[in-house]
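Let me give you the structure first, and then I'll get to my questions.
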Amino acid sequence: MTRKTAFITGITGQDGAYLSALLLSKGYRVTGLVRRSSTAEINNLRLRWLGIENDVELIDGDLTDLSGLLRSVKEIRPDEIYNLGAQSFVKSSWQQPILTGQVTGLAVTNILEAMRIEAPEARLYQASSSEMYGLIQEDMQSETTPFYPRSPYAVAKLYGHWITVNYRESFGLHASSGILFNHESPLRGIEFVTRKVTDGVARIKLGLSSELRLGNIDAKRDWGHAKDYVRAMWLMLQQETPDDYVVATGVTTTVRDMCLIAFDHVGLEIDKHLVIDPALFRPAEVDVLLGNPAKAKAKLGWEPEISLEKLIREMVDADMERLKP
Ligand code: NDP
Ligand code: GDR
């Protein structure tokens with residue numbers, strides 16, 4: 001069998017790193033798009049953390065630059081394209097709504113155009129998000145639940161989702177959209193709540209800090225492990241027919257209860273250290289997310305393997321290790 005080639009945008013991010021490791025373990029040639037930066041030496045932190053920085057090929061480029069994408073796709077001739085690149089932090093999307101629209105939304109069309117023109121036989125994964133559900137209209141969200149985005153990020157993701165569906169229906173592209181619920185890991189960016197909590201708890205435990213400041217701790221999320229979720233991405237592209245899938249655990253937990261797991265793990269009392277800071281609340285909130293992964297389980301044979309408790313403990317341990325003098 002010939003070796004398959006994957007092209008990953010967002011390869012330097014959390015999911016890009018885990019997906020690269022998965023595809024390398026399956027024998028793929030893995031290539032990825034990286035933004036040129038003056039701090040290139042620290043750019044590939046996550047790939048280095050997984051010990052795979054020398055096993056992937058990195059290509060300079062930006063999602064907003066169609067000419068570069070056309071050239072990259074022509075040169076690489078990918079069998080599979082994973083579009084993971086995005087301005088992915090919801091809170092920042094109110095500070096940078098136009099950039100978020102360009103990168104997280106409109107640029108999906110750049111990827112689809114590059115694929116349609118240079119690699120129409122390739123298969124595409126689009127990273128859609130549970131944030132698209134926003135103001136919840138059904139207790140458990142599935143592929144048929146109506147969307148009601150609540151942030152510029154979610155609005156941009158909704159555009160990316162529908163343009164992917166549209167190119168599939170218009171041009172017959174093998175393009176699938178994964179509606180993934182929150183997934184975390186020790187490689188999660190520090191600005192997201194789980195990692196902010198596990199890093200904060202580790203700092204308090206090590207005497208480097210005394211408090212953890214959070215916003216809305218009543219929000220509920222359906223959290224899984226990134227390692228489990230990148231497997232679902234790959235499975236989608238192994239199907240004969242492209243489709244859209246919800247990927248979630250089917251369990252929802254408040255931010256406060258997620259924090260408790262972290263504090264308990266190192267024997268600290270949450271009430272002595274947690275401070276609520278109104279400045280960290282969002283202009284519009286997604287109060288609760290709870291996904292129904294029935295379709296992914298039935299059609300892809302996908303199952304999440306790592307529980308929230310195990311995930312948070314792994315993240316706290318990794319942060320303790322990182323911060324140890
Ligand atoms: P990260 O924020 O960790 O990674 C985002 C990646 O996008 C980084 O590699 C970043 O590069 C890259 N990127 C940002 N802007 C551009 C640009 N203009 N051109 C090229 N690349 C760019 O996100 P995750 O790994 O957590 O998520 C992956 C995808 O899945 C994202 O699209 C996200 O929105 C989506 N998603 C994530 C979920 C989650 O819970 N993690 C859930 C649902 C969807 P750089 O390193 O240079 O910043
Ligand atoms: P989210 O993740 O917005 O769901 O988007 P995040 O971890 O940022 O927030 C989750 C919930 O926690 C509440 N919260 C805080 N959040 C942060 N970041 N910092 C805080 O101090 C804080 N205090 C409370 C938030 O208000 C929110 O309700 C993530 C991203 O990965 C998206 O890219 C992805 O699409 C969705 O998950 C699914």
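The values are calculated or read from the model by the stated rules, or taken from the named source; none is laboratory data. Since the model is a prediction, treat every value here as computed from it, not as a measurement. FYI the Cβ positions are ideal-geometry reconstructions off the backbone, even for glycines, and counts take in every protein chain you see.
Scan region 287-308 for residues that are within 16 Å of ligand 1 (Cβ to nearest atom) and farther than 27 Å from Ala202 by Cβ and jot them down.
Step one: of region 287-308, the residues within 16 Å of ligand 1 (Cβ to nearest atom) are 288-293, 296, 302, 304, 306, 308.
Hits for region 287-308 are Val288, Leu290, Gly291, Asn292, Pro293, Ala296, Trp302.
Scan region 157-189 residue by residue and report those that are more than 22 Å from Ala219 (Cα to Cα), within 20 Å of the chain's Cα centre (by Cα) and surrounded by 20 or more Cβ atoms within 10 Å (Cβ to Cβ). Lay out the reasoning, then the answer.
First pass over region 157-189, keeping only residues more than 22 Å from Ala219 (Cα to Cα): 159-178, 187.
From what is left, the residues that are within 20 Å of the chain's Cα centre (by Cα) are 159-165, 175-178, 187.
Of everything in region 157-189, those that are more than 22 Å from Ala219 (Cα to Cα), within 20 Å of the chain's Cα centre (by Cα) and surrounded by 20 or more Cβ atoms within 10 Å (Cβ to Cβ) turn out to be Gly160, His161, Ile163, Thr164, Ala175, Ser176, Ser177, Gly178, Leu187.
For Thr109, are the conditions met, namely being touching a residue at least 12 places away in the same chain (Cβ under 8 Å) and within 15 Å of ligand 2 (Cβ to nearest atom)? Talk me through it step by step, then tell me what you get.
Working: touching a residue at least 12 places away in the same chain (Cβ under 8 Å): yes; within 15 Å of ligand 2 (Cβ to nearest atom): no.
Spelling it out, it is not the case that Thr109 is touching a residue at least 12 places away in the same chain (Cβ under 8 Å) and within 15 Å of ligand 2 (Cβ to nearest atom).
Go through (1) surrounded by fewer than 16 Cβ atoms within 10 Å (Cβ to Cβ); (2) of a type outside the set (S, T, N, Q); (3) touching a residue at least 60 places away in the same chain (Cβ under 8 Å); (4) not in a helix (DSSP H, G or I) and name the single condition Pro120 misses.
(3) is the only condition that Pro120 fails.
Further question: Quick one: in region 312-325, which of the residues that are in contact with a Lys or Arg (Cβ under 9 Å, 6 or more places away or on another chain) and buried (at least 17 other Cβ atoms within 10 Å of the Cβ) is farthest from Leu208 (Cα to Cα)? Break it down stepwise before answering.
Pass one, region 312-325, residues in contact with a Lys or Arg (Cβ under 9 Å, 6 or more places away or on another chain): 315-316, 319-320, 323.
When the remaining residues are screened for being buried (at least 17 other Cβ atoms within 10 Å of the Cβ), the result is 315-316, 319-320.
On the way: Met315: 18, Val316: 15, Asp319: 12, Met320: 11 Å.
Checking each candidate, the answer is Met315.
If you don't mind, another one. So Lys324 ticks every box in (1) modelled with pLDDT under 95; (2) over 20 Å from Val197 (Cβ atoms) but one. Which box is left unticked?
Only one criterion is unmet by Lys324, namely (2).
Do the conditions hold for Thr100, that is, is it within 9 Å of ligand 1 (Cβ to nearest atom), touching a residue at least 40 places away in the same chain (Cβ under 8 Å) and of a type in the set (Ser, Thr, Tyr)? Spell out the reasoning first.
Numbers: within 9 Å of ligand 1 (Cβ to nearest atom): no; touching a residue at least 40 places away in the same chain (Cβ under 8 Å): yes; of a type in the set (Ser, Thr, Tyr): yes.
In short, no.
Right, something else. So which of Leu19, Leu47, Leu23, Leu63 is within 9 Å of ligand 1 (Cβ to nearest atom), crowded, with 21+ Cβ neighbours inside 10 Å and part of a helix (DSSP H, G or I)?
Criteria check complete, one pass: Leu19.
Going through Gly250, Gly160 one at a time, which residue ends up being modelled with pLDDT of 95 or more, within 16 Å of ligand 1 (Cβ to nearest atom) and not in a loop (DSSP other than H, G, I, E, B)?
Values: Gly250 fails: not in a loop (DSSP other than H, G, I, E, B).
Among Gly250, Gly160, only Gly160 is modelled with pLDDT of 95 or more, within 16 Å of ligand 1 (Cβ to nearest atom) and not in a loop (DSSP other than H, G, I, E, B).
Name the residues in region 205-234 that are within 16 Å of ligand 1 (Cβ to nearest atom) and either part of a loop (DSSP other than H, G, I, E, B) or of a type outside the set (Lys, Arg) (or both), would you?
Looking only at region 205-234, we keep the residues that are within 16 Å of ligand 1 (Cβ to nearest atom), and these are 219-234.
Answer for region 205-234, where residues must be within 16 Å of ligand 1 (Cβ to nearest atom) and either part of a loop (DSSP other than H, G, I, E, B) or of a type outside the set (Lys, Arg) (or both): Ala219, Asp222, Trp223, Gly224, His225, Ala226, Asp228, Tyr229, Val230, Ala232, Met233, Trp234.
Within region 110-140, count every residue that is over 14 Å from Ser177 (Cβ atoms) and within 14 Å of ligand 1 (Cβ to nearest atom).
Residues that pass the stated criteria total 3.
What are the pairs, 6+ residues apart or on separate chains, where a residue within region 23-44 that is closer than 16 Å to Thr9 by Cα has its Cβ under 6 Å from a residue that is exposed (fewer than 11 other Cβ atoms within 10 Å of the Cβ)?
Hits for this filter: Arg29/Arg3.
I've got another one for you. Could you run through region 163-202 and say how many residues are part of a helix (DSSP H, G or I) and not aliphatic (A, V, I, L, M)?
First, the residues of region 163-202 that are part of a helix (DSSP H, G or I): 163-171, 193-202.
Still in the running and not aliphatic (A, V, I, L, M): 164, 166-171, 194-196, 198-200.
Number satisfying all stated conditions: 13.
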